[in-house]
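For reference, the structure discussed in these notes is given below.
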Amino acid sequence: MEDLNPTAASLLGFLAGGVAMSGWELAGLTDVAIGPFWNVTRSQIYRELRDLADRGLVEPGPPGRRDRVPYSITTTGRQAFSAWIAQAPGPDLIRHRLLLTVLFADHLPAGRLREILTEQRAGHTAQRDAYRRLEPAVEAGPAAATLAFGIAYEEMVLTWMDDVAMPLARRRRRTDR
């Protein structure tokens, strides 16, 4: 069995619930369920579904409304997903655009880093608050653990901004005068 990439495996994971879904439905579910921590584009979803179908891991059904094709997971797809999810995930790859901005902040005009950090702080605060609003609706278990990670991550970024990034932006501004 060929290795699955995390995006393809995620699609199989969603389909493993037993409900056939179109690429459109999977994209909507992906946006809500894993979008905050796993970047997947709609074009990736459709490409992965075609590949999974070619490999016999999903089976397309007859087109429905708006010619949307529902996909179901096959027995082979369940086996491939089970094998994938049982593997250790390996090391994380941090891709955090804000870190690049801070690293190269000396190339920004005076005051711009502080503006960027203020904007980012608002976004991270809003995401943390959105996660917190979800807490009462999420039962204990894997989904709650994932949600707790999201909250802790947003708190960590906000703390980092308060402790390191914002003072750096203020210091840089003083040196630019």
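The values are calculated or read from the model by the stated rules, or taken from the named source; none is laboratory data. None of these values were measured; they are calculated from a predicted model. Cβ sites come from the backbone with ideal geometry, for glycine too, and all protein chains shown count toward neighbours.
Write out, first by first residue and then by second, each pair whose Cβ atoms fall under 9 Å of each other, whose residues are 6+ apart or on separate chains, and whose first residue, in segment 29-40, is among the hydroxyl-bearing types (Ser, Thr, Tyr) while the second is assigned to a helix (DSSP H, G or I).
From residues that are among the hydroxyl-bearing types (Ser, Thr, Tyr), the pairs are Thr30/Thr7; Thr30/Ser10; Thr30/Leu11; Thr30/Phe14; Thr30/Arg42; Thr30/Ile45.
Yes or no: segment 65-82 includes at least one residue that is touching a Ser or Thr at 6+ places or on another chain (Cβ under 9 Å), surrounded by fewer than 19 Cβ atoms within 10 Å (Cβ to Cβ) and among the small types (Gly, Ala, Ser).
No, segment 65-82 contains no residue that is touching a Ser or Thr at 6+ places or on another chain (Cβ under 9 Å), surrounded by fewer than 19 Cβ atoms within 10 Å (Cβ to Cβ) and among the small types (Gly, Ala, Ser).
Could you tell me which numbered condition Arg95 fails, if it satisfies all but one of (1) touching a residue at least 60 places away in the same chain (Cβ under 8 Å); (2) of a type in the set (D, E, K, R); (3) under 23 Å from His124 (Cα atoms)?
Unmet condition: (1).
Among (1) surrounded by fewer than 18 Cβ atoms within 10 Å (Cβ to Cβ); (2) in contact with a Gly (Cβ under 8 Å, 6 or more places away or on another chain), there is one condition Asn39 misses while meeting the rest; what is its number?
Unmet for Asn39, out of (1) surrounded by fewer than 18 Cβ atoms within 10 Å (Cβ to Cβ); (2) in contact with a Gly (Cβ under 8 Å, 6 or more places away or on another chain): (2).
Checking the structure you have, find out if any residue of segment 43-54 is within 30 Å of Gly123 (Cβ to Cβ) and exposed (fewer than 11 other Cβ atoms within 10 Å of the Cβ).
The answer is yes; a qualifying residue exists.
Kindly indicate whether Ala143 is modelled with pLDDT of 95 or more and either of a type in the set (Lys, Arg) or part of a helix (DSSP H, G or I) (or both). Outline the logic, then answer.
On the way: modelled with pLDDT of 95 or more: no; either of a type in the set (Lys, Arg) or part of a helix (DSSP H, G or I) (or both): yes.
Against the criterion (modelled with pLDDT of 95 or more and either of a type in the set (Lys, Arg) or part of a helix (DSSP H, G or I) (or both)), Ala143 does not qualify.
Mind checking which helices (runs of 4 or more DSSP H) fall wholly inside segment 1-58 and carry at least 1 residues that are of a type in the set (D, E, K, R) and not assigned by TED's automatic domain parsing to the domain that holds Ala130? Before the answer, list the steps.
Values: elements: 6-15, 23-33, 42-54.
Filter on segment 1-58 gives 23-33, 42-54.
Give the residues of segment 102-115 that are in contact with a helix residue (DSSP H, G or I) (Cβ under 6 Å, 6 or more places away or on another chain) and either buried (at least 17 other Cβ atoms within 10 Å of the Cβ) or assigned to a helix (DSSP H, G or I) (or both), sorted by residue number.
Of everything in segment 102-115, those that are in contact with a helix residue (DSSP H, G or I) (Cβ under 6 Å, 6 or more places away or on another chain) and either buried (at least 17 other Cβ atoms within 10 Å of the Cβ) or assigned to a helix (DSSP H, G or I) (or both) turn out to be Val102, Ala105, Leu113, Arg114.
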